[in-house]
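One structure is given here, and the rest of the page talks about it.
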């Protein structure tokens, strides 16, 4: 039975991985073609408002499931609809993401690929009349293949697909087909001549306890940046939800253009050149991480379509860039670590993010990126850019909170330190000091 199951999922993972690899290759090719053409004009970004409006209208009228940054909708479909994703999501997401990104919308490219991948997998499952449980597994394979093929990280892509659904839990039963789908998707997409961002960092500071403490301190700051990033997204979403979508699309996109003109146009679009510059040791503006966060939140909330991971990379790299400059550390190293750690914190995927660090930057940075990812993941608490993630475990035994609920529905955790623990002793001492001062 187990052998039959392995053969079955190998076959379907190869099919889904190939299909998603082709769709990702087509998407990235068309995105590159459109972006190169559009950015050839000096003031291309002035057309962002009508493009955002067009995107908002298409999504609203044709496929509301294509709204936002893609991956969140797939997670929601897996948890609430057993992976049932309407086929019309695919062309809508592809078109709206291209026009949003090419004309300067501050979005990423992983969301469309994950949602298109999930949509293709769901279509296959419906066509072959899969059981809802198997359909869910196939859609997870589609997520993995989309993530792996868009970033050129097959192992991290496989892990992302099985780690992103639950906070603190991994769906091991889908790990093998997700891995196969990710590898096949990556190699299939590579046939389109896609150039991936990979920058081996060979000069990494020698391991010392003091340098590790620096990384941990930086990780705490990244956790706070993740808090800011997530809360800014939530705030903008709540603001624009109260405004009629046509008016919101126009006002929001005009605000994006205005902020870019006042600050810098490098915050428009994907920002891959800026990320690469940070990894290469170039200095970025001090508040680059903040402006990118604000523009991304506005773009996605006012009707723009695209992903969220590339802006997270930008904000993380910019945060590491600023930290390194302030404290006199290596800019490239901390830009790379910040990029990975912010992904781990914002998406609650520390394992996939740690592996991605090795796939993108080489093994030498792996230890530091892993430590930073885990600490930042803990510091950000019960928050996520994917509100439909289900909380599988508590991040700290000193907090009490409800589990097995969507992260957006989780109540604020209560601090309940255990007796005979360091946290418990600190809390007891603090309580006694406050009690004495009151007297």
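The values are calculated or read from the model by the stated rules, or taken from the named source; none is laboratory data. Predicted model only: the values in this text are computed from it and were never measured. Here the Cβ positions follow ideal geometry from the backbone for every residue, glycine too, while neighbour counts run over all protein chains shown.
Suppose the filter is more than 21 Å from residue 354 (Cα to Cα), assigned by TED's automatic domain parsing to the domain that holds residue 85 and not in a helix (DSSP H, G or I); does residue 130 pass it? For residue 130, the condition - more than 21 Å from residue 354 (Cα to Cα), assigned by TED's automatic domain parsing to the domain that holds residue 85 and not in a helix (DSSP H, G or I) - is met.
The single condition from (1) modelled with pLDDT of 95 or more; (2) on the phi > 0 side of the Ramachandran plot that residue 344 fails is (2). Scanning segment 327-337 for residues that are farther than 14 Å from residue 277 by Cα and at pLDDT 95 or above yields a single hit, 337. Right, residue 270: buried (at least 17 other Cβ atoms within 10 Å of the Cβ), modelled with pLDDT of 95 or more and under 21 Å from residue 69 (Cβ atoms) or not? So residue 270 fails the test. Output the residues belonging to segment 366-379 that are surrounded by fewer than 24 Cβ atoms within 10 Å (Cβ to Cβ) and either under 17 Å from the mean Cα position of the chain (by Cα) or over 22 Å from residue 183 (Cβ atoms) (or both). Of everything in segment 366-379, those that are surrounded by fewer than 24 Cβ atoms within 10 Å (Cβ to Cβ) and either under 17 Å from the mean Cα position of the chain (by Cα) or over 22 Å from residue 183 (Cβ atoms) (or both) turn out to be 367, 370, 371, 374, 375, 378, 379.
Listed by first and then second residue, the pairs with beta-carbon distance under 6 Å, at least 6 apart or on different chains, first residue in segment 1-27 and under 13 Å from residue 146 (Cβ atoms), second not in a helix (DSSP H, G or I), are 25/192. Of all residues in segment 380-412, those satisfying the criterion of being within 20 Å of the chain's Cα centre (by Cα) and either assigned to a loop (DSSP other than H, G, I, E, B) or more than 25 Å from residue 70 (Cα to Cα) (or both) are 380, 381, 382, 383, 384, 385, 386, 387, 388, 389, 392, 395. Counting only helices (runs of 4 or more DSSP H) that fall entirely inside segment 248-343 and contain at least 3 residues that are touching a strand residue (DSSP E or B) at 6+ places or on another chain (Cβ under 7 Å), the qualifying elements are 309-327. All conditions but one from (1) in contact with a helix residue (DSSP H, G or I) (Cβ under 8 Å, 6 or more places away or on another chain); (2) over 30 Å from residue 330 (Cβ atoms); (3) touching a residue at least 12 places away in the same chain (Cβ under 8 Å) apply to residue 132; the one that does not is (1). Residues in segment 54-73: is at least one out of contact with any helix residue (DSSP H, G or I) (no Cβ under 7 Å at 6 or more places or on another chain) and in contact (Cβ under 8 Å) with a residue 60 or more places away in the chain? Yes, there is a match, as at least one residue in segment 54-73 is out of contact with any helix residue (DSSP H, G or I) (no Cβ under 7 Å at 6 or more places or on another chain) and in contact (Cβ under 8 Å) with a residue 60 or more places away in the chain.
Test residue 34 against the stated conditions and say whether it is assigned by TED's automatic domain parsing to the domain that holds residue 110, more than 22 Å from the chain's Cα centre (by Cα) and closer than 30 Å to residue 248 by Cα.
Yes; evaluated as a whole, the condition is true for this residue.
Being surrounded by fewer than 24 Cβ atoms within 10 Å (Cβ to Cβ) and either touching a residue at least 12 places away in the same chain (Cβ under 8 Å) or under 18 Å from residue 159 (Cβ atoms) (or both) is a property that holds for residue 323. Counting just the residues of segment 166-189 that are surrounded by fewer than 16 Cβ atoms within 10 Å (Cβ to Cβ) and free of Cβ contacts under 8 Å to residues at least 40 places away in the same chain, which one comes out farthest from the chain's Cα centre (by Cα)? Filtering segment 166-189 for residues that are surrounded by fewer than 16 Cβ atoms within 10 Å (Cβ to Cβ) and free of Cβ contacts under 8 Å to residues at least 40 places away in the same chain, the one farthest from the chain's Cα centre (by Cα) comes out as 173.
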